[in-house]
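Accompanying notes for the structure given below.
The values are calculated or read from the model by the stated rules, or taken from the named source; none is laboratory data. Since we're looking at a predicted model, the values are computed, not measured. For neighbour counting, all protein chains shown are included, and Cβ atoms are generated from backbone atoms with ideal geometry for every residue, glycine included.
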Amino acid sequence: MVPDDNQDWFQIKIDDQTVSEADVVMALMRLNLTGDVTKVCRCDNCEDCWLFAAKKNYHFCSAKCREAFYKKAPDYHARKAANQKKYRSGLKRMDVNNLKAAQKRK
């Protein structure tokens, strides 16, 4: 492509680096050569961000998107309540065991 007068149309600024469209194409070509181009995908939640899914379970661009996605699940609140109940019962069990151990030491 031949850029127009506006140079910003074919560039994006990420932090302090400028990435051009040509850079992105070359990166995709390198990923294609290594067989990793299929790992480039969009975030399952926002679908705005692109990510490189280095592992099969990488689906989200950020922790914020991951949490928002799982909060939409119909069983989210029930599952979270069950996990908290299990966690608190484990804490109670540890407190009882620690109390018994302290009493044995006396």
Residue that is at pLDDT below 95, of a type in the set (Asp, Glu) and under 14 Å from the mean Cα position of the chain (by Cα), where the choices are Glu67, Glu21: Glu67
Residues that are among the small types (Gly, Ala, Ser) and exposed (fewer than 14 other Cβ atoms within 10 Å of the Cβ), drawn from region 35-71: Gly35, Ala54, Ser62, Ala63, Ala68
Boolean, Ala27 is part of a helix (DSSP H, G or I) and among the small types (Gly, Ala, Ser): yes
Breaking point among (1) among the aliphatic types (A, V, I, L, M); (2) surrounded by 12 or more Cβ atoms within 10 Å (Cβ to Cβ); (3) at pLDDT 90 or above, for Ile12: (3)
